[in-house]
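Everything on this sheet refers to the single structure shown next.
Read-outs throughout are calculated quantities, based only on the coordinates presented, and are distinct from any laboratory measurement. Quick caveat: nothing in here was measured; it's all calculated off a predicted structure. All Cβ positions, glycine included, derive from the backbone under ideal geometry; neighbour counts span all protein chains shown.
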Amino acid sequence: MMFDKKSFDLRKWSLTDERGQTTTITISNVKEDIHVAEETFKIDYAANREYNTPTKSR
């Protein structure tokens, strides 16, 4: 993880998955005090489950 030297805000982090692949997330151009619609972060778990569940071949 990397933090801003002055504000100590989180700016960057990396994750490594079980295959050894690394994903790095960087936060930049941050805008504060803005409204984000609540549905922006809603996850349709039922649709995700169907999409990510392998089907048996017949």
| All positions within segment 20-45 that are of a type in the set (S, T, N, Q) and in contact with a Ser or Thr (Cβ under 9 Å, 6 or more places away or on another chain) | Thr22, Thr23, Thr24
| request: For Thr40, state whether it is in contact with a Lys or Arg (Cβ under 8 Å, 6 or more places away or on another chain) and either among the aromatic types (Phe, Trp, Tyr) or exposed (fewer than 10 other Cβ atoms within 10 Å of the Cβ) (or both). | output: no
| said: When you check Glu32 against the structure, is it acidic (Asp, Glu) and loosely packed, with under 10 Cβ neighbours inside 10 Å, yes or no? | reply: yes
| query | Which residues, counting only those in segment 7-50, are acidic (Asp, Glu) and either in contact with a strand residue (DSSP E or B) (Cβ under 6 Å, 6 or more places away or on another chain) or not in a loop (DSSP other than H, G, I, E, B) (or both)? | reply | Glu38, Glu39, Glu50
| query | If a residue has to be surrounded by 10 or more Cβ atoms within 10 Å (Cβ to Cβ) and not acidic (Asp, Glu) to count, how many in segment 1-15 make the cut? | reply | 7
